[in-house]
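Take a look at the structure set out below.
The values are calculated or read from the model by the stated rules, or taken from the named source; none is laboratory data. This one's a predicted model, so the numbers in the text were calculated from it and none came from an experiment. Backbone-built Cβ (ideal geometry, glycine too); neighbour counts: all protein chains shown.
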Amino acid sequence: MSWERKSGVKRRSTETPGEYAQRLQTLFPALETEILTIVHAFHLETYGEMVLPGPELDWVIQAVKKLHSPSFWPMRIRMLWKIK
């Protein structure tokens, strides 16, 4: 959620997590895989009522790290200018 605020792309109140992920993937194609990984984990834990196994949890952790990587900050800043 903090990543979305810093990127200027807030989830609409009518959007499901999957719809929001699709919109983010369109806006940030370089992070498409990471966004999909995080949303998939959310769906498994929320709707599948299961705890992520070790390898899948590691993938989510790596995806979150990549989202927060300084190398993607310029892309996020450009998005802030496009949205406003």
Quiz item: Out of (1) among the polar types (S, T, N, Q); (2) at pLDDT 90 or above; (3) under 13 Å from LEU67 (Cα atoms), what's the single condition that is false for THR14?
Solution: (3)
Quiz item: For SER13, which of the numbered conditions (1) part of a helix (DSSP H, G or I); (2) polar (S, T, N, Q); (3) surrounded by fewer than 12 Cβ atoms within 10 Å (Cβ to Cβ) fails to hold?
Solution: (1)
Exercise. Considering every residue within region 25-35, establish whether at least one is closer than 24 Å to SER71 by Cβ, among the aromatic types (Phe, Trp, Tyr), part of a loop (DSSP other than H, G, I, E, B) and without any contact (Cβ under 8 Å) to a residue 60 or more places away in the chain.
Key: yes
Quiz prompt | Hits in region 40-68 - residues which are part of a helix (DSSP H, G or I), under 17 Å from LEU24 (Cα atoms) and out of contact with any Leu (no Cβ under 9 Å at 6 or more places or on another chain) | solution = HIS40, PHE42, HIS43, VAL64, LYS65
Quiz item: Residues of region 23-54 being of a type in the set (S, T, N, Q) and surrounded by 15 or more Cβ atoms within 10 Å (Cβ to Cβ), which ones?
Solution: GLN25, THR37
